[in-house]
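The values are calculated or read from the model by the stated rules, or taken from the named source; none is laboratory data. Predicted model, so just to flag it, every value in this text is computed and none were measured. Quick reminder, even Gly has a Cβ in these numbers, built from the backbone with ideal geometry, and neighbours come from all protein chains shown.
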Amino acid sequence: MRFTKDHEWVEVEGDVATVGVTAYAAEQLGDVVFVELPAAGAALKAGAEMAVVESVKAASDVYAPLSGEVTGVNGDIADNPQTLNDAPEGSGWLVKIRLADPAELDALMDRSAYEAYLRSL
C-alpha cells in the first residue's frame, strides 16, 4: 500500500490501482454522510480532484493520487457512506484506476514514511 500527503491510499494489482482515503483522513472527517464519486471511464490526472466526501463536519475534496482511467467505483459506498469510516483502508475504497503512468507510484510514500509524516503534523 502507498500513500499521499493528502491522505489517500493506493493498492496496485497489475495495472489497476484501488484508491481510498486513509484511516487518519476518515477519523479527521468524522461521520461521513455522502460520497460523490467520478463516473467509470472518467480520465483522472494525478493531483486533481476526483471525489467529494461530506461529513457532519464539512465537505472535503479527494485528490487522484495517480493519473489514469476510472475502471470501477465502489457503488456500495454511495448507499452506505459510513463504510468509509468503518473500513477506510478496506471495503471503504472509492475507485479503481487503470494506471496511465506506473512511474507516478514512485512519488507516493510507503506505510512507514506515511506514519512518519503523520507524526510530523
Open item on the list: Tell me yes or no: at least one residue of segment 45-54 is in contact (Cβ under 8 Å) with a residue 24 or more places away in the chain, in a loop (DSSP other than H, G, I, E, B) and surrounded by 13 or more Cβ atoms within 10 Å (Cβ to Cβ).
Closed with: yes
- [ ] Taking Asp61 as meeting all but one of (1) in a strand (DSSP E or B); (2) surrounded by 15 or more Cβ atoms within 10 Å (Cβ to Cβ), write down the number of the exception.
- [x] (2)
Task: Filtered residue count, segment 12-27, keeping only those that are surrounded by 15 or more Cβ atoms within 10 Å (Cβ to Cβ) and either without any contact (Cβ under 8 Å) to a residue 60 or more places away in the chain or part of a strand (DSSP E or B) (or both) - done: 7
- [ ] With the condition kept exactly as written, say whether any residue in segment 69-89 is closer than 17 Å to Leu108 by Cα, modelled with pLDDT of 95 or more, of a type in the set (A, V, I, L, M, F, W, C) and surrounded by 18 or more Cβ atoms within 10 Å (Cβ to Cβ).
- [x] no
TODO: Might you check whether a residue that is out of contact with any strand residue (DSSP E or B) (no Cβ under 8 Å at 6 or more places or on another chain) and of a type outside the set (Lys, Arg) occurs anywhere in segment 29-44?
DONE: no
- [ ] Mind counting the residues in segment 62-87 that are farther than 12 Å from Thr18 by Cβ and under 12 Å from the mean Cα position of the chain (by Cα)?
- [x] 4
